[in-house]
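The values are calculated or read from the model by the stated rules, or taken from the named source; none is laboratory data. Since the model is a prediction, treat every value here as computed from it, not as a measurement. Neighbour counts run over all protein chains shown; Cβ positions are idealised from the backbone, glycine included. Remember, those area values only see protein heavy atoms, side chains included, never the ligands or the DNA or RNA. Shrake-Rupley method; radii C 1.70, N 1.55, O 1.52, S 1.80 Å.
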Amino acid sequence: MNVQIEESWKQVLATEFEKDYFVKLTDFVRHEYQTTTVYPPGKLIFNAFNLCPFNKVKVVIIGQDPYHGPGQAHGLCFSVNEGVPQPPSLQNIFKEIHDDLGTPVPSSGNLTRWAEQGVLLLNATLTVRAHQAGSHQRQGWEEFTDAAIRTLAENREHLVFILWGAYAQKKGAFIDRNKHLVLTSVHPSPLSAYHGFFGNKHFSKTNEYLIAHGETPINW
C-alpha cells in the first residue's frame, strides 16, 4: 500500500501509532484494501498531512468522510482530483469565496494549492469503501484525527479552525477559543448552505486573522 506520513507529523503523533486502537485500525484498513475497493488510493491516505507539515499549518478545515466515487478522493477533505466534476459542497465553497473575496471560481476542484499554503484539509475518517458512505467510521480513524487536532490546538498558537456543520463543530469543541480563531457555520452542502453558510465570510475572516498575527494570508 506504500502508506507513509510526513516526518514532523510522524514525530508529534508517535504515541498514537503504538496504541491498541491504531494497531486494530491498521489491520482493518489493510484487510479492506486487500479485499474490496477503497478510497483514496493507499499512498494518499495521509495526503493532508504530507502536503502540510505540522509547523506549516495555519488553517484547519475539518471534513467527515472521503468521497466514495471513482477518482474523486485524494486525501484532502472537500477536494477532488483534476478533471473530476466538482461536488455540490465544493461548488458552494467556491461560490462563497467568490462572494466573499471577489476571486473567480476555479475550474479545478483540486485543493492541493491550499494544502501547500498551510491549510490542513482533514477528514475525520481517512478511508471509505467504494459507494458506501461512512463505511469506515468508528474503526479508529476518528480517534487518530482527534489526536492530530488536539496536538495542533495545544502546541501551536493563532491557528484558524474552520468547522462547518454539527459534526465538525462537535469534533472541534475542545479547542481553546482564546488561543485560536474558531469559525463555525452550517455545512456547505446544498441541504444547508442557504441557512448560514453563504455569507459566513470565513475566508476573509481567516485572512484578516492571519495577517493580524504576522502570517501570510491564504490565496483562496
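Kindly indicate the residue of segment 84-112 that is more than 20 Å from the chain's Cα centre (by Cα) and among the acidic types (Asp, Glu) and also nearest to PHE49 (Cα to Cα) among those meeting that condition.
ASP100
Sort through GLU143, GLU154, GLU96 and tell me the only one that's among the acidic types (Asp, Glu) and out of contact with any helix residue (DSSP H, G or I) (no Cβ under 9 Å at 6 or more places or on another chain).
The unique qualifying residue is GLU154.
Can you find a residue in segment 63-86 that is farther than 29 Å from VAL29 by Cα and either touching a strand residue (DSSP E or B) at 6+ places or on another chain (Cβ under 9 Å) or aliphatic (A, V, I, L, M) (or both)?
no
Filter segment 1-35 for residues that are among the polar types (S, T, N, Q), closer than 16 Å to THR127 by Cα and free of Cβ contacts under 8 Å to residues at least 40 places away in the same chain and give the result.
THR26, GLN34, THR35
May I ask you to verify whether SER108 is modelled with pLDDT of 95 or more, surrounded by 21 or more Cβ atoms within 10 Å (Cβ to Cβ) and in a loop (DSSP other than H, G, I, E, B)?
For SER108, the condition - modelled with pLDDT of 95 or more, surrounded by 21 or more Cβ atoms within 10 Å (Cβ to Cβ) and in a loop (DSSP other than H, G, I, E, B) - is not met.
From THR216, THR125, grab the single residue that is modelled with pLDDT of 95 or more, more than 29 Å from GLY42 (Cα to Cα) and of a type outside the set (Asp, Glu).
Just one listed residue meets the conditions, THR216.
Here is a list: GLU32, GLU96. Which entry is under 17 Å from HIS202 (Cα atoms), in contact with a His (Cβ under 8 Å, 6 or more places away or on another chain) and either acidic (Asp, Glu) or open to solvent by 20 Å² or more (accessible area, probe 1.4 Å) (or both)?
Sole residue among the options that is under 17 Å from HIS202 (Cα atoms), in contact with a His (Cβ under 8 Å, 6 or more places away or on another chain) and either acidic (Asp, Glu) or open to solvent by 20 Å² or more (accessible area, probe 1.4 Å) (or both): GLU96.
For segment 2-91, list the helices (runs of 4 or more DSSP H) that sit wholly inside it and hold at least 1 residues that are closer than 20 Å to GLN139 by Cα and touching a helix residue (DSSP H, G or I) at 6+ places or on another chain (Cβ under 7 Å); which are they?
Ranges flagged: 14-18, 20-35, 47-51.
Of the residues that sit in segment 208-220 and are of a type outside the set (Val, Ile, Thr) and open to solvent by less than 20 Å² (accessible area, probe 1.4 Å), which one is farthest from the chain's Cα centre (by Cα)?
Here is the first cut: in segment 208-220, the ones of a type outside the set (Val, Ile, Thr) are 208-210, 212-215, 217, 219-220.
Imposing the further condition that a residue be open to solvent by less than 20 Å² (accessible area, probe 1.4 Å) reduces the set to 210, 220.
Working: LEU210: 19, TRP220: 15 Å.
That would be LEU210.
Hey, can you tell me all the residues within segment 173-199 that are crowded, with 19+ Cβ neighbours inside 10 Å, touching a residue at least 60 places away in the same chain (Cβ under 8 Å) and either among the charged types (D, E, K, R) or part of a loop (DSSP other than H, G, I, E, B) (or both)?
HIS187, PRO188, PHE197
Please specify each residue of segment 119-167 satisfying the condition of being acidic (Asp, Glu), more than 16 Å from ALA48 (Cα to Cα) and part of a helix (DSSP H, G or I).
Within segment 119-167, GLU143, GLU154 meet the criteria.
Only one of (1) within 16 Å of ASN155 (Cα to Cα); (2) more than 19 Å from the chain's Cα centre (by Cα); (3) open to solvent by less than 50 Å² (accessible area, probe 1.4 Å) fails for TRP9. Which number is that?
All conditions are met except number (2).
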